[in-house]
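J.: Submitted below is the structure of interest, expressed as structure tokens.
The values are calculated or read from the model by the stated rules, or taken from the named source; none is laboratory data. Everything quoted here is computed from the prediction, not taken from an experiment. No Cβ is skipped: glycine too gets one built from the backbone with ideal geometry, and neighbour counts run over all protein chains shown. The area values use the complete protein model at the heavy-atom level, side chains included, leaving out ligands, DNA and RNA. Shrake-Rupley method; radii C 1.70, N 1.55, O 1.52, S 1.80 Å.
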Amino acid sequence: MNAKTAVRKALENGLVVPAFNIPYPPMLKPVAQAIADENSVAMIQVARLEWEKFESVSLENIAEEYGKYAVEGHTLLHLDHVPVIDEDHLEVDYLPIIRRAIAAGYQSVMIDASRLDLDGNIAATRSVADLAHAAGIPVEAELGAVMGHETSQASIPYEEIFARRLGFTEVDDALRFVKESACDWLSVAVGSVHGAIASNLKDQKKPAAKLDIERIAQLREALDIPLVLHGGSGIENDYIVRGIRAGIAKINVGTELRQPYERAMREKNDVEYAREKVYLRCRELIRDFLRTANDAPILS
Ligand code: 13P
């Protein structure tokens with residue numbers, strides 16, 4: 001199955017490809033099983049911060065785990081956030097990471113240069129797009145500020161960020177960005193926030209985020225490429241449904257599965273028990289929330 005085709009078909013059919021993060025390797029098996037059992041098409045993904053700050057170990061380790069549990073026609077392997085400047089504001093040598101992901105068999109990659117200015121973001125994304133396209137895989141980029149990962153959280157309340165559209169993706173910038181960077185999918189800032197990962201915040205319930213549906217529709221019309229929603233956990237169901245209809249074709253979900261896994265491990269310290277919790281929650285998410293059940297024939 002081809003990642004670019006699956007996401008494009010999702011866009012054309014008003015559907016979404018969910019992408020589930022794997023901060024702990026044992027989560028991968030139940031997530032893959034849940035995707036297949038819901039007859040869905042979804043990505044299994046890992047971000048650099050999940051091998052730096054959680055227990056994924058490395059992108060190669062997740063690729064190896066994926067090799068054991070992937071289900072043909074249902075699962076895809078994606079490399080999530082490789083930041084150019086990371087959440088601690090440190091520079092990252094990103095091209096070698098992308099090369100390693102290509103060598104390990106990732107079917108799509110994300111470069112996140114959104115902490116740079118527009119020109120810098122275009123240049124970094126372009127260099128990754130050239131590499132990835134030469135290997136025949138698509139690239140996701142980010143434009144705008146999807147907050148939440150920063151170690152030091154901004155003190156502006158969410159309601160104010162949303163009301164003032166702070167850091168949201170501007171249509172004119174996005175138009176230039178997509179043309180010049182050659183990215184295939186664009187992660188947009190339209191109201192969602194990433195689940196916090198700082199150790200003092202990571203167990204908290206996420207604030208319920210809203211989405212600017214009108215901005216999503218404007219971006220989709222101007223760009224005509226699949227849009228990606230990060231921070232997919234904890235958004236009201238109605239916003240998700242309307243967001244997908246307006247042009248979101250991939251949704252990243254991390255916290256919704258990470259927290260049940262961590263809670264279960266704290267409760268019993270039993271990997272199989274924690275896996276069962278992840279499996280059940282993942283099925284629920286796909287069935288009740290991401291509305292992709294029985295979509296495999298359309299997307300794969
Ligand atoms: P959540 O943890 O908020 O679901 O966000 C995940 C994400 O966007 C990973 O890129």
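J.: Give the range 218-236 a look and list any residue that's within 14 Å of the ligand (Cβ to nearest atom) and either buried (at least 21 other Cβ atoms within 10 Å of the Cβ) or closer than 19 Å to Pro138 by Cα (or both), or say none. Walk me through it before giving the result.
T.: So in the range 218-236, the residues within 14 Å of the ligand (Cβ to nearest atom) come out as 227-236.
Leu227, Val228, Leu229, His230, Gly231, Gly232, Ser233, Ile235, listed by residue number.
J.: Can you tell me which condition Arg275 does not meet? The list is (1) more than 14 Å from the ligand (Cβ to nearest atom); (2) within 25 Å of Leu11 (Cα to Cα); (3) open to solvent by less than 70 Å² (accessible area, probe 1.4 Å); (4) of a type outside the set (Phe, Trp, Tyr), and all the others hold.
T.: Here Arg275 clears every test but (2).
J.: For Leu211, are the conditions met, namely being within 15 Å of the ligand (Cβ to nearest atom), within 30 Å of Ala134 (Cα to Cα) and within 20 Å of the chain's Cα centre (by Cα)? Break it down into steps so the answer makes sense when it comes.
T.: Details: within 15 Å of the ligand (Cβ to nearest atom): yes; within 30 Å of Ala134 (Cα to Cα): no; within 20 Å of the chain's Cα centre (by Cα): yes.
No, not satisfied.
J.: Let me ask you something else. Could you list, in sequence order, the residues of the range 161-209 that are open to solvent by 70 Å² or more (accessible area, probe 1.4 Å) and charged (D, E, K, R)?
T.: Matches in the range 161-209: Arg164, Arg165, Glu170, Asp172, Arg176, Lys179, Glu180, Asp203, Lys205.
Okay, residues lined up against (1) of a type in the set (Gly, Ala, Ser); (2) closer than 20 Å to Phe162 by Cβ:
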position: Ser199; (1), (2): yes, no
position: Ala217; (1), (2): yes, yes
position: His230; (1), (2): no, yes
position: Ser233; (1), (2): yes, yes
position: Arg242; (1), (2): no, yes
position: Thr255; (1), (2): no, yes
position: Glu267; (1), (2): no, no
position: Val271; (1), (2): no, no
position: Ser300; (1), (2): yes, no
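J.: Could you tell me which residue of the range 244-260 is farthest from the ligand (Cβ to nearest atom), considering only residues that are open to solvent by 10 Å² or more (accessible area, probe 1.4 Å) and of a type in the set (Gly, Ala, Ser)?
T.: By that ranking, first place goes to Ala246.
J.: Here is a check on your reading of the model: is Arg215 at pLDDT below 95 and either open to solvent by 10 Å² or more (accessible area, probe 1.4 Å) or assigned to a loop (DSSP other than H, G, I, E, B) (or both)?
T.: Answer is no for this residue.
J.: Kindly establish whether Val241 is open to solvent by less than 40 Å² (accessible area, probe 1.4 Å), in contact (Cβ under 8 Å) with a residue 12 or more places away in the chain, of a type in the set (Val, Ile, Thr) and on the phi < 0 side of the Ramachandran plot.
T.: So Val241 passes the test.
J.: For the range 218-244, what are the residues that are in contact with a Phe, Trp or Tyr (Cβ under 8 Å, 6 or more places away or on another chain) and in a helix (DSSP H, G or I)? Don't jump to the end; show me each part of the working.
T.: Residues of the range 218-244 in contact with a Phe, Trp or Tyr (Cβ under 8 Å, 6 or more places away or on another chain): 225-228, 237, 240.
Those that are in contact with a Phe, Trp or Tyr (Cβ under 8 Å, 6 or more places away or on another chain) and in a helix (DSSP H, G or I): Asn237, Ile240.
J.: Restricting to the range 81-124, and then to whatever is away from the ligand (no atom under 16 Å from the Cβ) and among the polar types (S, T, N, Q), can you tell me which residue is nearest to Ile197 (Cα to Cα)?
T.: Asn121
J.: Residues that are surrounded by fewer than 22 Cβ atoms within 10 Å (Cβ to Cβ) and of a type in the set (Lys, Arg): find the helices (runs of 4 or more DSSP H) completely inside the range 39-145 holding 2 or more of those.
T.: In the range 39-145, the matching helices (runs of 4 or more DSSP H) lie at 94-104.
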